[in-house]
Every structure is written in structure tokens, then in C-alpha cells.
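Scroll down for the structure; my scribbles are underneath it.
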Amino acid sequence: MSDDAATQANQTLTVRDNRTGNEYEIAIADGTIKAADLAQIRTSEEEPGLATYDPGFVNTASCKSAVTFIDGDKGILEYRGYPIEQLAEKSNFLEVAYLLIHGELPSKQQYDSWVHEITYHTFVHENVKGFMQGFRYDAHPMGMLMASVGALSTFYPESGNISDPDNRHIQIVRMIAKMPTLGAWAFRHAQGKPYIYPDNELGYTANFLSMLFKMSEQRFEADERLVKALDVLFILHADHEQNASTNAVRSVGSTQVDPYSAVAAGVGALFGPLHGGANEAVLRMLRRIGSKENIPSFIEGVKNGNERLMGFGHRVYKNYDPRAKIIKQAAMDVFEVTGTNPLLDIALELEKIALEDEYFVKRKLYPNVDFYSGLIYEAFQFPPEMFTVLFAIGRTPGWLAQWLELVQDKEQKIARPKQIYTGPRTLDFTPAAQRWA
Ligand code: SDX
């Protein structure tokens, strides 16, 4: 037998069920076994076969994907095979969005056409404005974004025809184009300022800044260094394999619903403080710590479980999040324009102490993408509740690339996991009149 054939033959598990003495050969592929192959392991024909129990899918692959590669131990992140460091330095957000969606870098003609399409779909139906004005003055912008993205599905009912490639394309273009408009209008709503319409003479990120900060001037011209820094931040947030919000998009998308409804679910998942909401939570944490002198007592609070070091730790990265390194440098670039942020000193000291402390070292807790991003956003004069909106705008192409992969994947089925039932069984029901008599 050739070495290859021997290796191929060894790509199996031999499982012995000690309850019956039966043995089973289970194939290994891509470092996994199919959970369905466990179903044959049973003690009798009447009993359901074995399944796996994996809260939070800590050790479960839900799909095959060619969009993003992460090596958590080595701190590697690649979009369609391109290292994040090179894309952040040499590309721009719309080119990266094209790469994620189409799987390859665009030619000049493809890029120009892509930019033109997105530029001319930044407006939203005027009724969306009325919809957003219905929120309370202090509504959280993530709640407004989640609702308005979902509402877009009612303006484009044809988006439910997910099997039509041209229809999928125009809905993807619309969502990437309109997310900044919705995010900016949620920001303006909270400030009680008039909503600013897109300026199609500006680039994607410059237009977003215009819709956020333009007042009575004819044209809002943001500092190029700030535009570049925000564009890099969008690139760094663009995708991250099967994170919680992408899993939400895929789970909802698996029912064959339109992409707006699926992405609205992703926005909802991202809102959580353990996920995209962490950047807002980091700023509030740094403000609460207040000074370097308070760091040791805060660290003690983390160790005794009363605090969580927001912006630290990651399900996949057991090394420094490569995005955090780039964001830390981008922060310095931004502070050259805006002036530094006093909270930066606390963040740097907190990072230094944590990286030397056994509690964090043992648990392989390093700064993640959210630890420094909030400091940059604050330097842009964003309030903390806007930080996760910025994350959502960056993540939209990734969510849509993953959704596109899902709807074309012949192996995918509607997401419907099993459970381990722990409740009571076959109780006799006593009608209320008797129960309360
Ligand atoms: C994002 O998945 C992605 O890719 C997400 C993301 C993306 O781009 O989409 O990268 C974006 O969400 C980044 C993560 C942002 N969240 C935070 O910064 C919140 C703080 N971090 C955590 O809550 C936590 O680290 C998670 C949620 C990120 C990961 O949680 P896991 O993988 O379920 O790990 P765990 O909670 O089981 O923690 C393992 C241990 C535990 O200690 P023990 O029970 O073993 O004693 O580490 C501890 C945890 O208590 N721990 C922390 C901690 N994170 C984990 N202790 C203190 N502070 C922390 N931040």
C-alpha cells in the first residue's frame, strides 16, 4: 500500500461503544468528523443515536468557508488569503469589500463599476427617515440600526428571491451603500440635528463623515488622515469567520429569508457587550478606572470575578489579535490630528500590567480588536454608543460574503440544533378552576 493510501486509510477514528462492544469506523476530514456519523452509535434500534453537546459551538464547525482564515495561536488573519496587515496598509475598504464578496481583487473596470454602483445607492427611501424619526431622542443607535436594516426588507420585497444572482448582487450593493447612511442618521437623531443626505462627490468613508458632521458649510471636508484611519478601521472589522454575529446571519439566512432580515439579526448579535458592544464597554471601563493608580484594584476585581477586562480575550486568538496591533498604530496617527486621549495612558498601562499578570497569561488573554478602537472613535468625537455602529458598517461586507456563501452551499440546511431535554415529562394537566379552587 502506498504511503498516500496508508495515510488516507488512517484518516479514520475507530470508536468502540463500551455499552454494546460494537466498533465503528468514522472518517476524519479537514480536522473534523461529521456529527451525523455518530448517529449510528446506539444501544438499540429504538434509541436515538449519539449526538454532540457543545454550548456556544466552542468545538464545532458549522460550515465550510473560503472567506476568512484565522490562526488564533499565531495571530494570523487573512481575507480570501490576503494578510490583514497588507490590506490595511495598501488597500481601501471598498476594494476589500469587493474582495470579500467576489473572492478576488477587482480589475480597474470592476473596481470603478463597483464604486459607482455603491456611490449611487447610498440614498434610502424617504419613509426610512420618518421611521427613524419615530424613535425616542435617547434611543441607542444600534437599536435604530437593527430596526432600520430590517425595515429595508419591506422596501425591497424582491430581495426574498435569493436564488437570482442579479437580485443578490443589487441587494448586496444596496446594503453596503446604505449602512453608513442609516448609521449617520441614527447619530444625527441622537443629537437632534437634521439628517444629512449622501454627497456622491465624496468617497465612501469621507461621505460617511460628511453625513455625520456636516452643518451649514457647503461641503464637509474631513481631514484626509482621519478618513484614512476610519477606512483602515472598516477594513479591520470587515470579516472574522464564524463570530457570533456572522453565525446569526447564517442561522437566520439558512431559512432562505431575504438578506436584510439576516443582516438585521447580525446587527442584533453584534450589539452584545461580549461581541461588538465591547468597544463601547471598553471606553466606559477606562472612564470608570479613571487613573493609572486605580488599575491594580481593578485587576483584583477581575481576578475575583467582579469585573471583566473588556477588550481582552478571544474565542480564537490565544495570541495578540493582529487587528489590535494595527489599530494601536492607527490610534497614534489619529491622535496626531486630534490630540491624544488621556484614557490612552490608562489603556497602555492596563495592557502592560495584564500581559505580565499570571491570571491573564494562563488564560491567554490578549487585547482584541475592541481594546483600542474605542479610543480612536472617541477622538473622532463619537459618543460610546456609536462605536458598535461603526463596527457594523465595517462588518457588513463580511456578513454579506458569508450569507452569499451560505445560500450557494449545497451542503447547508436550515439551522436547527438538537437539545438535551432536562424538564419534566408526561404530567397530568389540572384545569385552572380545579387548581385554584
Ligand atoms: C469580538 O468571535 C469573534 O471573532 C469576535 C470578534 C469579531 O471580529 O467578530 O473578534 C469581535 O467580539 C471581540 C471580543 C470582544 N469582547 C470582549 O472584549 C469582552 C471581554 N472578553 C470576553 O468576555 C471573552 O474573552 C470572549 C467573550 C471574547 C471569549 O469568551 P470565551 O471564548 O467563551 O472564553 P471564556 O469566557 O470561556 O473565558 C475563558 C476564561 C474564563 O476564566 P475561567 O472560567 O477559566 O476561570 O478566561 C476568562 C473567563 O472568565 N476570561 C476573562 C476575560 N475573557 C475571558 N477574564 C477577564 N476578562 C476577560 N476579558
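The values are calculated or read from the model by the stated rules, or taken from the named source; none is laboratory data. Keep in mind it's a predicted model, so treat the numbers as computed, not measured. Ideal geometry is used to build each Cβ from the backbone, glycine not excepted, and the neighbour counts take in all protein chains shown. Only protein heavy atoms, including side chains, enter the accessible area calculation; ligands, DNA and RNA are left aside. Shrake-Rupley method; radii C 1.70, N 1.55, O 1.52, S 1.80 Å.
Would you mind computing the Rg to Rh ratio of the stretch 351-427 from its alpha-carbon coordinates, Kirkwood style for Rh?
1.19
Among Glu85, Glu126, Glu280, the largest mean-square fluctuation in a Gaussian network model of the chain, built with springs joining Cα atoms closer than 10 Å, belongs to Glu126.
Length available on full extension from His125 to Phe155: 0.36 nm per residue minus the Cα-Cα distance, which gives 10.0 nm. Estimated at the nearest 10 Å², the accessible area of Val227 is 20 Å² with a 1.4 Å probe. Between Thr12 and Ile28, the built amide H atoms are under 5 Å apart, and every one of these is 5 or more places off in sequence or on another chain. If you run the Gaussian network model on the chain, springs between alpha carbon atoms under 10 Å, then out of Ile33, Ile101, Ile162 the most flexible one is Ile33. One decimal place: the segment Lys352-Arg435 gains 23.6 nm when fully extended, by the rule 0.36 nm per residue minus the C-alpha distance.
Distance distribution P(r), the chain, all Cα-Cα pairs, bin width 10 angstrom from 0: 4, 19, 27, 23, 15, 8, 3, 0, 0 percent.
Here the stretch 109-153 is treated as a Stokes sphere of Kirkwood radius computed over C-alpha pairs; at 10 °C and 1.306 mPa s its diffusion coefficient rounds to 129 µm²/s.
In order along the stretch 48-63, the Karplus-derived 3J(HN,Hα) couplings, from 6.51 cos²θ - 1.76 cosθ + 1.60 at θ = phi - 60°, round to x, x, 5, 10, 10, 10, 8, x, x, 6, 4, 10, 10, 8, 9, 6 Hz, and Gly and Pro are given as x. Under the combined filter of DSSP loop state and at most 13 neighbouring Cβ atoms within 10 Å, the stretch 180-284 retains none of its chymotrypsin sites (Phe, Trp or Tyr not before Pro). For the residues Arg168, Arg395, Arg16, a 1.4 Å probe over the protein chains yields an accessible-area ranking, largest first, of Arg16, Arg168, Arg395. Please give the Cα centre distance for the stretch 253-330 versus the stretch 378-437, rounded to the nearest Å. Rounded to whole Å, the Cα centres lie 19 Å apart.
With 0.36 nm allotted per residue and the present C-alpha distance subtracted, the Glu307-Arg225 stretch has 25.9 nm of extension available. When you filter the GluC sites (Glu not before Pro) in the stretch 169-257 for DSSP loop state and at most 10 other Cβ atoms inside 10 Å of their Cβ, you are left with Glu201, Glu217.
So how tilted is helix 387-407 from the main axis of the chain? Cα-based, degrees 0 to 90, rounded to 10. Taking Cα atoms only, the helix is inclined about 50 degrees. Along the stretch 208-221 the Karplus relation, 6.51 cos²θ - 1.76 cosθ + 1.60 evaluated at θ = phi - 60°, assigns HN-Hα couplings of 4, 5, 5, 5, 7, 10, 5, 10, 8, 5, 4, 9, 8, 10 Hz to successive residues, with x for each Gly and Pro.
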